[in-house]
Amino acid sequence: MRSAASAMPRAKAAEWHYGPGFDPARAAVQHDALTKLVASSGTEIEWLTDADDGLADSVFTHDPSLVTAHGAVILSMGKALRRSEPSLHEQAYGRMGVPILGRIQDPGQVEGGDCVWVDERTLAVGRGVRTNQDGIQQLSNLLTPKGIAVYGFDLPLWHGEEACLHLMSVISPLADDLALVYAPLLPAAFYQMLRARGITLVEGDAGEFAASNGLSLNVLPTAPRQVIAVAGFPRTAAAMEAAGCTVATFEADALCIACEGGPTCLTRPVLRQ
């Protein structure tokens, strides 16, 4: 994880495409609340740099790298302001002793928010404004020899090139056989793959999805059916609870809603026990 207190204190909302609710001080408090929920699940947190480097989006640590059973892949960011973030992850993996499997090179682009593990040998990747076909092909070249199949799925433009619509904006895995989805924006072929694999799909509330710009759907599983979600979206939480999930929430209007990144985006899982 990366502390919002170090990443965001000087961030200008217009420069980073943040909404009018962005407040760096409140974002730091809300990030701390998320950190406490993550730690209380038994997770060990490895912190990225606390330098005042102006990389506001680096708080969303899910995107600059992808971790596989064979090592980490250092990704290449589609958002120009985030191009230097992957080096922070490579340095952290060096400290942790995590091997580097490979790197996505320009003009390839892949962001972690576009990568969804269907199972340990199947990776779905959203092709959109943040991830391109060159990057998906490079990722496939790295993972196919390891027995991992990589499938690319086209995403809609939705709110435009400056907005963030990742594949994980429309699906959040809740367990190996369960996922929270917003079906209207889910690629049809990906939807069919999930159904064919026997994965039960929980429909997120459409009104809450619209009101939150999709952040109601971005939830973080700390264990199967144990999830952390943004507060204020009771119908989506109730749908997950009806599917057997336990839902913990935190206030995140200044951090997640304003900045287009939810609790999943704010973490990069490295090792799952």
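Bear in mind these aren't lab numbers, they're just calculated from the coordinates by the rules spelled out. Predicted, not measured: the structure shown is a model, and the values here were computed from it. For neighbour counting, all protein chains shown are included, and Cβ atoms are generated from backbone atoms with ideal geometry for every residue, glycine included.
Annotation note: chymotrypsin sites (Phe, Trp or Tyr not before Pro) in segment 19-75 located in DSSP loop regions with a Cβ neighbour count of at most 16 within 10 Å are W47.
Among the trypsin sites (Lys or Arg not before Pro) found in segment 1-54, those both in a DSSP coil and sparsely packed, with 12 or fewer other Cβ atoms within 10 Å of their Cβ, are R10, K12. Any idea what log10 I(q)/I(0) is at q = 0.07, 0.09, 0.14 Å⁻¹ for the chain, Debye with uniform C-alpha scatterers and no solvent? The computed values of log10 I(q)/I(0) come out as -0.21, -0.36, -0.96. When you restrict to C-alpha pairs under 8 Å that are six or more residues apart and normalise by the size of the chain, the relative contact order lands at 19 percent. Amide H contacts of T200: L178, A179, each under 5 Å away and 5 or more positions distant or on a separate chain (H built 1.01 Å from N in the peptide plane; Pro and chain starts excluded). Residues considered: R130, R225, R121. Largest GNM mean-square fluctuation over the chain, using C-alpha springs under 10 Å, is found at R121.
Amide H contacts under 5 Å for T249: A229, restricted to partners 5 or more places along the chain or on a different chain, H placed in the peptide plane at 1.01 Å from N. Remark: spin-label model distance D53-A13 equals 2.7 nm, labels positioned 7 Å along the Cα→Cβ axis. Take the Cα of R272, go 7 Å toward its beta carbon, and the backbone nitrogen atoms of segment 101-131 under 14 Å from that spot belong to 115-124.
Note down the magnitude of the dipole of the chain about its Cα centre, charges +1 on Lys and Arg C-beta and -1 on Asp and Glu C-beta and zero elsewhere, to the nearest 20 debye. Provide the component values of the computation, followed by the final result.
Values: 20 positive and 30 negative charges, 94 e Å.
The calculated dipole for the chain is roughly 460 debye.
Mean-square fluctuations from a GNM of the chain, with a 10 angstrom spring cutoff on Cα atoms, peak among S65, S84, S76 at S84.
Which stretch or stretches of segment 178-214 have amide N atoms under 15 Å from the point lying 7 Å from R121's Cα along the Cα→Cβ direction? Counting only backbone N, you get 197.
If you keep only loop residues by DSSP, which GluC sites (Glu not before Pro) in segment 156-205 have at most 15 other Cβ atoms within 10 Å of their Cβ?
Working: sites: E161, E162, E203; in loops: E161, E162.
Listed in order of number, the matching sites are E161, E162.
For segment 247-255, 3J(HN,Hα) computed residue by residue from phi via the Karplus equation (6.51, -1.76, 1.60; θ = phi - 60°) reads 10, 9, 10, 9, 5, 8, 5, 7, 10 Hz, glycine and proline entered as x.
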